[in-house]
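These notes are about the structure you will find just below.
Quick note: the coordinates plus some simple rules give every number you see, no bench work behind them. This is a predicted model, so every value here is computed, not measured. Positions of Cβ are generated from backbone atoms using ideal geometry, with glycine treated the same way; all protein chains shown enter the neighbour counts.
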Amino acid sequence: MRKYSFLILVTLVILSLALCKTARGEDTSSTQSVESRAHMLHFATAYGLSLTSYMLLKRAGVPSLPASIFSLVIVNTLGALKEMTDDHGPDKRSLLYNGLGSGTAIGTALLFRF
């Protein structure tokens, strides 16, 4: 099971490097570059929070399906609340990356039966 976890971690690192403009040597001073890094941070944070909450619920004896649903709802609700309280208002892309990150985490956990 540990080799799968390491493989997933390596895959996510490679994906984030491929998607990040700094890894491709592009200008990092533009607003678009800053937003891209922020969206990758949203993805990574949602992934980490979802996987952590799912694992904690599983250790507490909650079955897989309710733990995954609860984890998705809580993390995406927190992400939406964070976006609503930002000065610039909610950003649809940030919400999308929150959903993708939490969905990827739960999909990984269910696929590899964590």
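Please give the contour-minus-distance gain from residue 113 to residue 37: 0.36 nm per residue of separation, less the Cα-Cα distance, rounded to one decimal in nm.
24.3 nm
Assign unit charges at the C-beta atoms only (+1 for Lys and Arg, -1 for Asp and Glu), then state the dipole size of the range 33-111 relative to its Cα centre in Debye, rounded to the nearest 20.
Dipole size: approximately 320 debye.
Can you compute the modelled spin-label distance between residue 100 and residue 86, with each label point 7 Å from Cα toward Cβ, in nm?
Distance between label points: 1.4 nm.
Which listed residue (110, 41, 51) has the Cα farthest towards the positive end of the charge dipole for the range 33-111, taking +1 on Lys and Arg C-beta and -1 on Asp and Glu C-beta about the Cα centre?
Value computed over the given set: 110.
Per residue and in cubic angstrom, what volume does the convex hull of the Cα atoms of the range 33-111 have?
Dividing the Cα hull volume of the range 33-111 by its residues yields 73 Å³.
Please list 66-76, 83-93 highest first by mean number of surrounding beta-carbon atoms within 10 Å per residue.
Ranked by mean Cβ neighbours within 10 Å, highest first: 66-76, 83-93.
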